[in-house]
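See structure below.
The values are calculated or read from the model by the stated rules, or taken from the named source; none is laboratory data. Bear in mind that the values here come from a model prediction, so they are computed numbers and not experimental data. Because the Cβ atoms are built from the backbone with ideal geometry, glycine has one as well, and the counts that use them run over all protein chains shown. Keep in mind that these areas ignore ligands, DNA and RNA; they rest on the heavy atoms of the full protein, side chains included. Shrake-Rupley method; radii C 1.70, N 1.55, O 1.52, S 1.80 Å.
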Amino acid sequence: MNLNNKLELIQSQKLVMTTQLKQSLDILNMSSLELEEKIKSEADENPLLEVKSRDDTNWQELIKSADNKYYEVKSYNLDNDMSFENMVKNENNLYEYIKFQLGCLKLGSKEKYICEYIIDCLDENGYLNCDENLIIRRFKIDKNLFNSCLKYIQQLEPNGIGARNLSECLLIQLKNKNIEDIILKSIILQDLELVGKNKLKDISKKYNISIEECVEYVERIRKLNPKPGISYCNGKFIYIYPDVTVKKISDEFFVYLNDNSNFCLTINNYYKDILKNTSDEKAKEFIKKKLNCAISLLENIEARKNTILKIAEIILKEQEDFFNKGIKYIKPLKLKDISLILGYHESTISRGINNKYMMTPFGLFEFKYFFSTSIQSNEEKGTSSIRIKSIIKEFIDKENKIKPLSDDKICKLLNEQGIIISRRTVAKYRGKMDILSSFKRKQFYAK
C-alpha cells in the first residue's frame, strides 16, 4: 500500500450555479400566477421592494386637476348586461346543500346528527365509500337505524346521492323517479359491465328481448347520472392568463407580451436616500445586500419577459400556417429547433414554454401545444402528430355510427393521404383523445 504524500495538479470543468442564476432559471420556469406569488413573497421579505397597485390613484391631485372641467353624466339601463345580479358569484357546496334539505325533514336530534355525519363522509361524487360499520360503532346504533338515516339522505337532491356503489346510485335515481321496470333494474344490478362494453347482443339474448328494446334500456341507463355530486362540488378554479397575444394587423401577425398583473414592482427610494446619508456601516451593508437582491429580481423578471417573447416570435414564424389556417396545418416542431435558432440550451427553452400560454386567433393555447413529433408523410418535413390527431377525430366525427371506422381502416385512409402510420399508432392517438374503440362506438340503429 502506497501512503506517500504528493501534490497533483488536476484540470476539470465544473458548472457553478450562482444564486442569481438559480433564481433566473426558477423565475423563467414559473407561470404568471406563480410569478405573482413569488413577487409578493419577495416584497414581504425585502423592504426595498415596493409593490404598487396599478389602480392606485391620487384622488387629491385628481380633484385639483378636475376644477373647472365639465364631465358628461351618462345614464345606464338597469336591464343591460352590467347588472349587480350578473356580478354575484354563486358557489354551490354539495355538503351544505344536502344539509339544508335535511333541515326540512322532521327528524329527531340523534337522527339528524347521524345524517349530518354521514353527509360529511360522502366523497366529491356523492358516494358513501367509508365502512358503514365504523359509523354504527361510533354512534352505538343498530343496522336498522343506520339504514333509516341513509335512506333519508338518498331521498334528497342531487338524485342518486348517498349510494355505496354505481348500481345503487342508478337504482336510487329510478326509485326517486318512480320508475318500476324489472328488466331495467336487473341490467343495472347484474350487467353494467356488458353495458360498458356495448355488448348489446349478449344482453338481449340473456333477457330474451330484441336489439331495439335492448338499445332503449341502455339509453335510459346512460341518461342517468353516475356521479351525482360532482356538479355541486367546489373545485379549485385556475384562471389562465395568456403570457403573449398574437394579432393580425394589415395581413401580418405580431406578438405582444401581456402584463396581466394588477401591480408593478419598484425599488423604494426612501432606502436609497438612507444609503447616501447614513454613517451606520451595518445599516449600509444591510441596505446594499437587499438592494442587490431587489435589482437581481427585477433583472430576472425582465429577462424572463424577453425570453418568452423571443420563443413566441419563433413559434409564430415556424407555425405561420397554423395562425393563418388553423390546427390542421400545424407543423412538427422540437425544442432543439428553437434552441438552435436562439442559441439557448434546450433546458432554457423547456423552462420558457412551461405553463406559458398564447392567445391566438383560434383561441388560447399552451406553448407546449406547438411542439410535436414528426410522422413520415409526403410533406418535406413530415406531418405533426397534432395534425394527425385532428384528422383522425374528423374521420370519426363523420363516420357511419352503425358501421364505425376501425383503427385499421383509419390507418389505410391516412396512408391514402400520404401519411405513413401504423394501426397501433392510430389506436394510441385515439386513446389520448379519449375516443372509444369502433366496437364501443357502434350504434345498433341510426339516431
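A few notes on this one:
- Packing, taken as the mean count of other beta carbons within 10 Å per residue, orders the peptides 249-256, 330-337 from highest to lowest as 330-337, 249-256.
- Extension gain, Asp337 to Glu281: 0.36 nm times the residue separation minus the Cα-Cα distance gives 15.0 nm.
- The alpha carbons of segment 327-447 occupy a box of 57, 29, 24 Å along the principal axes, longest dimension given first.
- R0 of 25 Å, Cβ-Cβ distance Cys121-Glu157: FRET efficiency to nearest 0.05: 0.85
- Calculated FRET efficiency, Ile211 to Asn324, Cβ-Cβ distance, R0 = 45 Å: about 0.40 to the nearest 0.05.
- Take Met30: with every protein chain present and a 1.4 Å probe, its accessible area is about 30 Å².
- A full extension of the chain between Asp397 and Leu145 corresponds to an added length of 85.5 nm, given 0.36 nm per residue minus the alpha carbon distance.
- Using the empirical formula 2.2 N^0.38 Å as the baseline, the Cα radius of gyration of segment 265-351 reaches a ratio of 1.78.
- With contacts taken as Cα pairs under 8 Å at a separation of at least 6 residues, segment 109-219 carries a relative contact order of 17 percent.
- Span per principal axis, largest first, for the Cα atoms of segment 96-222 (Å): 52, 27, 25
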